[in-house]
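> Here it is: the structure, laid out below.
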Amino acid sequence: MSLFSGKSDARVTAERVRELVFGLNSESQGLLYHTGEYINRFRERVGIDRSERRLKCLLLFHKHLANFVRYRYRVEDIPVQKADIAFIKDLEDYFAKEKGFKLNTSAGYLSMLASLLKDLHKRHIIDTYPFINHSIRWEVGTPRYITREEVSRIAALGEDELQGYEKVSRDMFLFSCLTGLSYTDVYHLTEQHVFHEAGMTWIRKPRIKTGNVCHIPLLPEAAAIIERYRGIHTRAFRHEPPKGYLLPIPGCDTVNIHLKKIARLCGIQKTLTYHMARHTFASQMTLSEGVSIESVSKMLGHSQIKTTQVYAETSPERVFLDIEKILPQLAHYQLTN
């Protein structure tokens with residue numbers, strides 16, 4: 001006879017007891033259930049304003065979260081209301097001690113949990129947003145970029161030095177050096193994101209990663225790349241852009257393989273990756289040329305100036321140029337005895 005149901009054929013399991021203790025009376029109350037629903041809604045927007053890469057990260061996060069719940073609570077799911085500050089700290093410790101994740105890997109997964117819980121709070125599924133009292137710790141590294149001279153070397157590579165789609169990868173990398181767009185934002189760039197205003201051509205596009213809108217002046221060199229590839233959507237590319245997308249960029253892994261060869265051809269000692277183009281735009285093409293950090297932040301689609309500040313490494317050359325500007329004024333000041 002069951003202690004809970006009064007039915008002789010009902011079986012009491014340890015997991016069922018734990019679920020009753022936790023207060024999980026139905027599947028739809030569970031944190032992992034809501035995580036799955038959140039991911040399903042995200043999947044429906046892939047190709048519109050969400051990326052396939054981000055979806056893969058969310059699926060991996062779901063797996064790690066499920067493993068943590070089984071490890072820590074010995075159940076298949078817990079009530080979503082249990083995802084409080086204590087839960088967050090336990091998860092943080094689990095990532096660091098049990099999984100051995102680096103700080104930024106853990107922070108990336110915690111930011112996904114934060115986005116999920118913020119969504120649940122907005123939809124009135126949970127009463128409070130626990131991350132309001134918890135800051136995610138990130139290790140801020142030095143952005144990796146190449147110099148303007150190295151960009152020129154890449155642009156100067158001859159047709160006979162690049163084979164097949166290596167030239168396409170080179171051109172896409174240069175496009176991001178000139179616009180600051182990330183790989184996924186180049187992939188999803190359409191004609192609707194390009195417009196003319198005040199005698200200039202602009203890219204106005206929400207970032208796939210954050211939804212923040214970028215406002216980028218389209219330089220003639222970048223516009224020429226768009227025209228060069230307009231209408232080219234061949235199946236030879238690993239990821240064929242849907243009709244209407246402007247640039248037929250190969251898969252990110254393929255591009256990065258091509259960039260390693262390009263770096264060797266150009267005598268660049270750094271490990272060249274596609275995302276370095278965005279850093280190069282911020283550091284070398286704009287900030288080091290005297291563009292205000294506020295304007296660069298707007299172009300990059302950052303919501304806070306402090307996010308842009310990591311690119312504002314002041315070079316000796318920049319200091320020299322700035323001092324040159326004020327030398328005439330300084331000449332008026334003379335020491336007197």
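> Report the Cα centroid-to-centroid distance between the range 175-230 and the range 268-316 in angstrom, as an integer.
Cα centres, the range 175-230 to the range 268-316: 16 Å.
> If I model a spin label as a point 7 Å beyond the Cα along the Cα-Cβ vector, how far apart are those points for Lys260 and Tyr33 in nm?
For the pair Lys260/Tyr33, the computed spacing is 4.6 nm.
> Restricting to DSSP loop positions (anything but H, G, I, E, B) with no more than 16 other Cβ atoms inside 10 Å of their own Cβ, which trypsin sites (Lys or Arg not before Pro) remain in the range 136-177?
Arg137, Arg144
> Moving on. Pairs Lys82/Lys298; Lys102/Lys306; Lys118/Lys260; Lys89/Lys209; Lys63/Lys167: which exceed 32 Å Cα-Cα?
As for pairs spanning more than 32 Å Cα to Cα, those are Lys82/Lys298; Lys118/Lys260; Lys63/Lys167.
None of the figures in this text is laboratory data; all of them are computed from the coordinates on show. Treat the numbers as computed from the prediction; the structure is a model and nothing was measured. Don't worry about glycine lacking a Cβ; one is built from the backbone with ideal geometry, like all the others, and counts go over all protein chains shown.
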